[in-house]
Amino acid sequence: LDIQLVIDRDHLDFSKKLHPAIKIGTRLHGEGHLHHKILVVDHEYIWLGSANFTQNAFDHSKNLAIAFFSPKTGALLFQEALDIASANPRTNSEPFSSTFQDQLLELYLLPHNDPNSSSSVEATMNEIGKEKLISLIENAKHHLKISVDVWTYKDASRAVIEAMNRGVQVDVAVGSLTEEAVKMLMRAGVNVKQAKNLHYKFMLVDHKILLNGSPNWSMNAFSRSDESFIVLY
């Protein structure tokens, strides 16, 4: 099989244990991490979510992954892996959409954007991702169910509080209650609970729109790291 592995540079120490035919790539420049959690098989079967490829992710921590068939999405993600490893310049900032059975599926890529040499395309991609997250919250009609390991993004907190104040039922589970963005929710009266071994990064809107992927709700996720999430309608 032709195998391309793209992994964060902090985790390259196991590479000598792999078969020499496996191609290994990483992003070598800038801050932040390569934080995707994606498997693409034969350019058409995709497994994408919050789970790292570790024993702990499958045995111990709470994660959510979506598996689906989409040749177009698979080809795009395969190219994304090659682009990260080769540092090819990006030319397209638009999110990708496809149809899975009768459901619309949107894919949002959040690339690393080096503050020392900022790219307008990568900055736009991150901004589009943030705007999508906030717009889903702002357009919720009756329910928001959110579970995120790390929540430091205060704009998302403000949007959730506004949703609660207009009558949306909001339930939040987080990994830590110490971040100021989470404290904002609790002070406003949002139902927030702490969960052990939580690694989720998902939101369910009105019981029918799912956002799920790799990014925690932090500014780092929307600027410094390489991330991805899907929205499934």
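Heavy-atom accessible area for THR54, with the other protein chains in place and a 1.4 Å probe, reaches approximately 70 Å².
By accessible area, using a 1.4 Å probe on protein heavy atoms only, region 6-115 has 55% of its surface on carbon and sulfur.
Once you reduce region 115-159 and region 24-97 to the center of their Cα atoms, the two points are 19 Å from each other. Along region 113-125 the Karplus relation, 6.51 cos²θ - 1.76 cosθ + 1.60 evaluated at θ = phi - 60°, assigns HN-Hα couplings of 10, 4, x, 7, 8, 4, 9, 5, 5, 5, 4, 5, 4 Hz to successive residues, with x for each Gly and Pro.
For region 1-105, what is the charge dipole size about the Cα centre, in debye to the nearest 20, if Lys and Arg each add +1 at the Cβ and Asp and Glu each add -1 at the Cβ?
Working: 9 positive and 12 negative charges, 46 e Å.
Computed about the Cα centre, the dipole is about 220 debye.
Each residue, VAL121 and ALA195, gets one label point 7 Å from its Cα in the Cβ direction; the gap between the two is 3.7 nm.
With R₀ fixed at 41 Å, the C-beta to C-beta distance from LYS23 to ARG158 puts the FRET efficiency at about 0.40. Rolling a 1.4 Å probe over the protein chains gives ASP8 an accessible area of about 10 Å².
Remark: region 19-33, residue by residue, has Karplus-estimated 3J(HN,Hα) of 4, x, 6, 6, 7, 10, x, 7, 8, 9, 10, x, 8, x, 10 Hz, where x stands for each Gly or Pro and the curve is 6.51 cos²θ - 1.76 cosθ + 1.60 at θ = phi - 60°.
For ARG9, the accessible area of its heavy atoms, probed at 1.4 Å with every protein chain present, is near 80 square angstrom.
As a test of reading the structure, rank GLU180, GLU162 by solvent-accessible area (1.4 Å probe, protein chains only), most first. Don't skip to the end; give the middle numbers.
On the way: GLU180 75, GLU162 110 Å².
I get GLU162, GLU180, largest accessible area first.
Less than 5 angstrom separates the built amide H of HIS143 from those of GLN169, ASP206, all sequence-distant by 5 or more or on a different chain.
For ASP206 and TYR45, FRET efficiency with R0 = 35 Å and r from the beta-carbon atoms, rounded to 0.05?
On the way: r = 29 Å, r/R0 = 0.82.
Efficiency, rounded to the nearest 0.05: 0.75.
Pairs exceeding a 22 Å alpha-carbon distance, out of LYS154/LYS201; LYS62/LYS193; LYS145/LYS196; LYS72/LYS208: LYS72/LYS208.
Based on protein heavy atoms only, the chain ends up with 52 Å² per residue of surface accessible to a 1.4 Å probe.
Cβ-Cβ distance of PHE14 and LEU64, R₀ of 22 Å, FRET efficiency by 1/(1 + (r/R0)^6): the value works out to about 0.30.
For TRP47, TRP217, write out the residues from largest to smallest accessible area, computed with a 1.4 angstrom probe and no ligands counted. Let's see the in-between values first.
Numbers: TRP47 65, TRP217 5 Å².
Heavy-atom accessible area, descending, gives TRP47, TRP217.
Listed values [x] 21.0, 75; [y] 17.8, 57; [z] 17.1, 53 include one computed from this model; for Rg and Dmax of the Cα atoms in Å that value carries the label [y].
The values are calculated or read from the model by the stated rules, or taken from the named source; none is laboratory data. These numbers were taken from a predicted model, which means no experiment stands behind them. All Cβ positions, glycine included, derive from the backbone under ideal geometry; neighbour counts span all protein chains shown. Side chains included, ligands, DNA and RNA excluded: accessible areas come from the protein's heavy atoms. Shrake-Rupley method; radii C 1.70, N 1.55, O 1.52, S 1.80 Å.
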